[in-house]
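Note sheet for the following structure.
The values are calculated or read from the model by the stated rules, or taken from the named source; none is laboratory data. As the structure is a computational prediction, the values presented were derived from the model and not from experiment. Here the Cβ positions follow ideal geometry from the backbone for every residue, glycine too, while neighbour counts run over all protein chains shown. Surface areas here come from the heavy atoms of the whole protein model, side chains and all, with no ligands, DNA or RNA. Shrake-Rupley method; radii C 1.70, N 1.55, O 1.52, S 1.80 Å.
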Amino acid sequence: MGEIEDAIERADRESFTKDPPKTLKGQIGYLLKQMGSAKAVAAELGVTADSVNRYRRGARKHPRADVAAKIDDAVRQRWQPMVRKRRQKQAAATGGITVETRARFGYTSSAGSTDDGRFRRLTVHLPATYAQRLFDARDTGASDQQMRGIIAEGMKEVYFQDGGGRAMGLSDVEINDIDYLDLDY
C-alpha cells in the first residue's frame with residue numbers, strides 16, 4: 001500500500017463507531033460469520049482450516065505474529081463497512097477532506113519567482129470534489145503517485161492560489177519526500 005492509501009485506511013479506522021473484536025476467539029468468530037467457512041478464513045490468513053477451528057475453540061490461543069497481524073487486518077478491513085461508506089459518501093458530497101502533511105512541495109510558476117521545492121507543514125481542507133476524485137482513484141486501483149497528484153492539485157487551488165485570489169501564474173504543484181500525511185473526513 002502507498003502512503004495515500006494508508007492515510008485513507010487510517011481515516012476509515014477513526015470513523016468506527018464501535019471497536020472491532022479484540023480477542024482471538026472474537027476475531028475468528030467475526031471472520032467466520034463474514035466469510036462463511038473455516039476454509040475461506042484459512043485461505044485469507046494463509047493457515048489451515050484446522051488452525052482456524054482451533055483458534056475458534058480456544059485450543060490454540062497464540063498465533064504466530066505474522067498470522068495475528070493478518071487476522072487483525074482482515075477484521076479491520078471488514079469492520080463496519082456501512083459506517084465507512086456513509087462517511088466517504090458525506091465527504092465526497094459535501095464535507096470534503098482535510099489533508100495534514102509535512103512534505104516537500106515544488107511548483108512551476110511564472111518567471112521571477114522561485115520554484116525550488118521546500119518542506120512545508122500544511123493542514124488544508126480540500127473541497128468535496130477532491131475527496132470524490134481521491135476515493136474514485138483508490139477504488140479503480142490508481143497508483144500512489146496518481147493520488148498524490150489529486151492532492152497536489154487540490155493544494156494548488158486551495159492553499160497556493162487561495163481559490164483564485166493569488167499566484168495565478170502557478171501551473172503545477174508536486175508533492176515529494178512526504179514525512180507524514182494524514183487525512184480526515
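Couple of notes before you dig in:
- All conditions but one from (1) open to solvent by 60 Å² or more (accessible area, probe 1.4 Å); (2) farther than 29 Å from residue 143 by Cβ; (3) of a type outside the set (S, T, N, Q) apply to residue 40; the one that does not is (1).
- Qualifying position, being farther than 19 Å from residue 181 by Cβ and either hydroxyl-bearing (Ser, Thr, Tyr) or modelled with pLDDT of 90 or more (or both), among 109, 143: 109
- Taking the conditions (1) at pLDDT 90 or above; (2) of a type in the set (A, V, I, L, M, F, W, C); (3) surrounded by fewer than 16 Cβ atoms within 10 Å (Cβ to Cβ) in turn, residue 82 satisfies each one other than (1).
- Being touching a residue at least 24 places away in the same chain (Cβ under 8 Å), farther than 30 Å from residue 160 by Cβ, basic (Lys, Arg) and part of a helix (DSSP H, G or I) is not true of residue 61.
- In the stretch 117-142, the qualifying residues are those that are touching a residue at least 40 places away in the same chain (Cβ under 8 Å) and within 13 Å of the chain's Cα centre (by Cα), and the one that is nearest to residue 94 (Cα to Cα) is 131.
- Selection from the stretch 44-67 of residues that are loosely packed, with under 15 Cβ neighbours inside 10 Å, under 22 Å from residue 9 (Cβ atoms) and among the aliphatic types (A, V, I, L, M): 65
- In the stretch 9-23, of all residues being outside any loop (DSSP other than H, G, I, E, B) and open to solvent by 30 Å² or more (accessible area, probe 1.4 Å), the one that is modelled with the highest pLDDT corresponds to 10.
- Residue 93 being part of a helix (DSSP H, G or I) and touching a residue at least 40 places away in the same chain (Cβ under 8 Å): no
- Per the conditions (1) buried (at least 16 other Cβ atoms within 10 Å of the Cβ); (2) part of a helix (DSSP H, G or I), the sole criterion not satisfied by residue 98 is (2).
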